[in-house]
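The values are calculated or read from the model by the stated rules, or taken from the named source; none is laboratory data. All values derive from a computational prediction rather than experimental measurement. All Cβ positions, even for glycine, are placed from backbone atoms using ideal geometry, and neighbour counts span all protein chains on display. All accessible areas refer to the heavy atoms of the entire protein, side chains included, with ligands and DNA or RNA removed. Shrake-Rupley method; radii C 1.70, N 1.55, O 1.52, S 1.80 Å.
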Amino acid sequence: MTNKLYARDLGLEPGFTFRIQKCPLTQDYYVHCHDFSELVVILEGSAIHIIEGREYPVSAGQVFFIHSDISHGYKNVQNIEYINVMFHPDQLLQLPELKLLPGFQALFYLEPFFRKEMYYKGMLSLQPAQLEEATVLLDRILEEYDRQYDGYRLMIRTYFTALVGTLSRYYRQNGGGTENRALQIGEAVTYIEEHFLQPVSLQSLADLAYMSKRQFLRVFTRNYHTTPMDYVIRKRLEYSCTLLRNAGLTISQVAMDSGFRDHNYYSRQFKKVFLCTPSEYRMHKAGM
């Protein structure tokens, strides 16, 4: 039976679930899972990493993201030192600018689910200079976490966001092109983030990911828990909320400017997601 670690038992705050630690590992570490996510950066040494029963070697420069409830552990440990960041993605990975990075989509959403299919070749391996740059940011986060001066949470968020952005860039640079399914799907998701106001089809997204429509739909839905087109609709609806704050725009204009050609369809979708009509949102939520 796999042991499960809980954030509350480790003393992690519900509103700011975060811990960072530099860990020397001199012996095997039991297989376990947790109700938070982990970002692991191997600084030196080597070991065999066990994820959901599958084994693969890790060494200095490797970076991997472990989702909650995913079992993992280490064996055949050889003087490993790594930095482990424990956090909730909902609290620290929601900055819109991050979602515009294909490497971010791949590293934090898609690669963990493609490890078996890609035989772990999609893992991020940093070159020495890249590892050094990442370590500088990690050390700054460690310092803020240990000292906890005024505003340390803000500084942790700032440095951690910079770290995630840097790792996302490196993932795209080191990612292996069309052989990396996670990165190709990440390119398609980024296209949605940048072009959701324009006409978008399932076929065009599948083409960007070098996949069939059926395969892309299956993989996207598995990882994002919604269909590609529903993802597009949600993006448009969220954008429309900003337009509704402009009292000079009619509801029909808001619908058109948000990518909806049919005003009635827009209103139905809006109510389905936000449980109120656009007019009610404008009146009650936007303070008009």
(request) Residue by residue through the range 244-255, note down the ones that are crowded, with 16+ Cβ neighbours inside 10 Å and without any contact (Cβ under 8 Å) to a residue 40 or more places away in the chain. (result) L249, I251, V254, A255
(request) Can you tell me which residue among Q62, Q78, Q148, Q105 is at positive phi and either surrounded by fewer than 16 Cβ atoms within 10 Å (Cβ to Cβ) or of a type outside the set (S, T, Y) (or both)? (result) Q148
(request) Take the range 196-225 and flag every residue that is of a type outside the set (F, W, Y), open to solvent by less than 40 Å² (accessible area, probe 1.4 Å) and more than 12 Å from R181 (Cα to Cα). (result) V200, L205, N223
(request) For the range 39-46, indicate whether the set of residues that are in a loop (DSSP other than H, G, I, E, B) and open to solvent by 10 Å² or more (accessible area, probe 1.4 Å) is non-empty. (result) no
(request) Give the residues of the range 58-88 that are part of a strand (DSSP E or B) and hydrophobic (A, V, I, L, M, F, W, C), sorted by residue number. (result) V58, V63, F64, F65, I66, V77, I80, I83, V85, M86, F87
(request) Give the range 47-59 a look and list any residue that's under 21 Å from T166 (Cβ atoms) and open to solvent by less than 10 Å² (accessible area, probe 1.4 Å), or say none. (result) V58
(request) For the range 16-25, state whether one or more residues are touching a residue at least 60 places away in the same chain (Cβ under 8 Å), buried (at least 16 other Cβ atoms within 10 Å of the Cβ) and among the polar types (S, T, N, Q). (result) yes
(request) Just give me the residues in the range 127-173 being assigned to a loop (DSSP other than H, G, I, E, B) and either polar (S, T, N, Q) or touching a residue at least 60 places away in the same chain (Cβ under 8 Å) (or both), in sequence order. (result) Q127, Q148
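Quick grid of which residues meet (1) under 19 Å from L107 (Cβ atoms); (2) under 15 Å from the mean Cα position of the chain (by Cα):
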| residue | (1), (2) |
| --- | --- |
| T135 | yes, no |
| G151 | no, no |
| M155 | no, no |
| N174 | yes, no |
| I185 | yes, yes |
| Y191 | yes, no |
| Y210 | yes, no |
| R222 | yes, yes |
(message) Taking the criterion of being within 16 Å of L131 (Cα to Cα), more than 14 Å from the chain's Cα centre (by Cα) and not β-branched (V, I, T), would at least one residue in the range 33-41 satisfy it?
(response) no
(request) Look through L107, L12 and report the one residue that is of a type outside the set (G, A, S), closer than 28 Å to T158 by Cα, in contact (Cβ under 8 Å) with a residue 60 or more places away in the chain and assigned to a loop (DSSP other than H, G, I, E, B). (result) L12
(message) Name the single residue that is modelled with the highest pLDDT among those in the range 1-35 being closer than 24 Å to L138 by Cα and among the β-branched types (V, I, T).
(response) I20
(request) Filter the range 266-281 for residues that are within 22 Å of I192 (Cα to Cα), of a type outside the set (G, A, S) and either in contact (Cβ under 8 Å) with a residue 40 or more places away in the chain or open to solvent by less than 80 Å² (accessible area, probe 1.4 Å) (or both) and give the result. (result) Y266, Q269, F270, V273, F274
(message) Looking at A182 and the list (1) touching a Phe, Trp or Tyr at 6+ places or on another chain (Cβ under 6 Å); (2) modelled with pLDDT of 95 or more, which single condition is not satisfied?
(response) (2)
